[in-house]
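Structure first, commentary second.
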Amino acid sequence: MTLPGRGPGAAEHLVLPGVLTAEQAAETVAGIRAVQRPDGAIPWFRGHHLDPWDHVEAAMALDASGEHEAAARAYDWLARHQNEDGSWYAAYRDEAGSPPEDLGRESNFCAYAAVGVRHHYLATGDDAFLDRMWPVVHAAVSFVLELQRPGGQIGWRREADGTAVHDALLTGCSSVYHALRCALAIAEEREEPQPDWELAAGALGHAITGHPERFLDKNRYSMDWYYPVLGGAMTGQQAKARIEDGWDRFVVPGLGVRCVASNPWVTGGESCELALALWVIGESDRALEILQSVQHLRAEGGRYWTGYVFEGERAFWPEEFTTWTAGSLLLAVAALGGDEATTAVFGGERLPRGLEPDCCG
């Protein structure tokens with residue numbers, strides 16, 4: 001079954017007071033479309049590189065806006081460029097046919113395809129798409145799980161020469177956990193059980209919620225603060241307590257969220273992802289405030305600056321407008337606006353959680 005797309009400008013759920021009008025939303029969507037190449041690739045901006053994770057985030061934003069054909073082209077690009085081992089390279093140059101920029105393969109980059117595929121299927125109901133992408137998702141998950149450690153955490157990267165990096169990153173693993181749940185939901189849709197994935201997801205979720213010692217200490221980064229909540233591993237009171245614990249370290253009232261606790265630099269991507277995490281735990285009012293606070297990053301053409309330095313010279317930095325910043329904003333607004341596919345994928349109520357190990361009694 002293929003459902004008709006809503007078409008550009010028809011996504012009422014992207015209208016949010018103080019954040020986006022209908023015209024502004026359409027302008028931002030058009031800005032992402034303008035960067036997308038004819039082959040479907042979505043780089044950070046024209047002339048810069050593409051990485052698989054941010055490519056998928058931008059594709060999801062296109063689906064949330066009703067641009068389903070453009071999103072499908074983005075996923076077709078992934079399918080065409082998948083390596084034989086199920087991975088993608090960490091970075092591709094913004095030139096069709098050119099060699100990759102970074103031959104390393106990162107676990108969270110590769111896993112995130114499952115989130116995008118699940119989102120596109122829920123947005124369109126396109127069974128043929130799911131059939132086409134199932135082998136892609138299956139191979140990607142297989143690559144990622146080869147990097148899983150006995151404690152459940154997943155090494156963050158395989159180097160160009162094939163060497164596995166066993167160090168695990170909390171942010172990356174939280175994203176992988178979300179992706180594994182989406183992959184399990186796809187498997188359920190296809191009636192193809194994956195018990196190994198259930199065990200892997202449960203072990204990873206348990207590591208995230210109960211064993212911080214299994215991850216590199218990166219707590220100065222705001223992503224390590226909110227990603228266990230955004231990825232769905234931490235829920236309920238644990239999630240709320242974590243958000244409260246880091247709020248004053250990272251949130252700059254009226255400006256957004258710091259990327260690094262010690263630096264006077266707020267970034268649009270982290271701010272919008274925090275807003276999405278706040279929506280996940282039922283704090284839509286605070287999510288709205290965060291989204292409103294980063295509108296100073298909006299620029300001509302509906303584009304968004306990556307970040308802003310709010311001390312010293314007080315300047316937008318770096319001097320770039322990134323598709324993933326615009327994409328993260330559109331996804332957060334879509335969640336607050338009740339877009340069914342976006343709320344299902346990030347809300348997590350319909351996503352399997354895997355089988356948690358009994359390692360702590």
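Here are the numbers for the structure shown:
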{"item": "Cross-chain or 6+ apart pairs with Cβ under 8 Å, the stretch 273-295 first and within 19 Å of His13 (Cβ to Cβ), then hydroxyl-bearing (Ser, Thr, Tyr) and surrounded by fewer than 24 Cβ atoms within 10 Å (Cβ to Cβ)", "result": "Leu278/Ser284"}
{"item": "Some residue of the stretch 258-274 being farther than 18 Å from Val309 by Cα, out of contact with any Lys or Arg (no Cβ under 6 Å at 6 or more places or on another chain) and not in a loop (DSSP other than H, G, I, E, B)", "result": "yes"}
{"item": "Residue count, the stretch 218-245 (criterion: over 26 Å from Glu57 (Cα atoms) and free of Cβ contacts under 8 Å to residues at least 24 places away in the same chain)", "result": "4"}
{"item": "Matching option when the condition is closer than 15 Å to Gln24 by Cα, β-branched (Val, Ile, Thr), within 16 Å of the chain's Cα centre (by Cα) and buried (at least 23 other Cβ atoms within 10 Å of the Cβ), among Val345, Val333", "result": "Val333"}
{"item": "Leu216 crowded, with 17+ Cβ neighbours inside 10 Å and modelled with pLDDT of 95 or more", "result": "no"}
{"item": "Flag for Gly31 being assigned to a helix (DSSP H, G or I), at pLDDT 95 or above, more than 18 Å from the chain's Cα centre (by Cα) and buried (at least 19 other Cβ atoms within 10 Å of the Cβ)", "result": "yes"}
{"item": "Subset of the stretch 242-298 that is of a type in the set (Val, Ile, Thr) and in contact with a helix residue (DSSP H, G or I) (Cβ under 7 Å, 6 or more places away or on another chain) - its residue that is surrounded by the most Cβ atoms within 10 Å (Cβ to Cβ)", "result": "Val294"}
{"item": "Test result for Thr2, over 30 Å from Leu147 (Cβ atoms), among the hydroxyl-bearing types (Ser, Thr, Tyr), modelled with pLDDT of 95 or more and surrounded by fewer than 22 Cβ atoms within 10 Å (Cβ to Cβ)", "result": "no"}
{"item": "Every residue from the stretch 302-319 that is surrounded by fewer than 16 Cβ atoms within 10 Å (Cβ to Cβ) and either among the aliphatic types (A, V, I, L, M) or under 17 Å from Pro43 (Cα atoms) (or both)", "result": "Val309, Ala315, Pro318, Glu319"}
{"item": "Sole residue being at pLDDT 95 or above and buried (at least 24 other Cβ atoms within 10 Å of the Cβ), chosen from Ala64, Ala79, Ala128, Ala91", "result": "Ala64"}
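The values are calculated or read from the model by the stated rules, or taken from the named source; none is laboratory data. Please read all numbers here as calculations on a predicted model, not as lab measurements. So basically every Cβ, Gly included, is an ideal-geometry build from the backbone, and we count neighbours across all protein chains shown.
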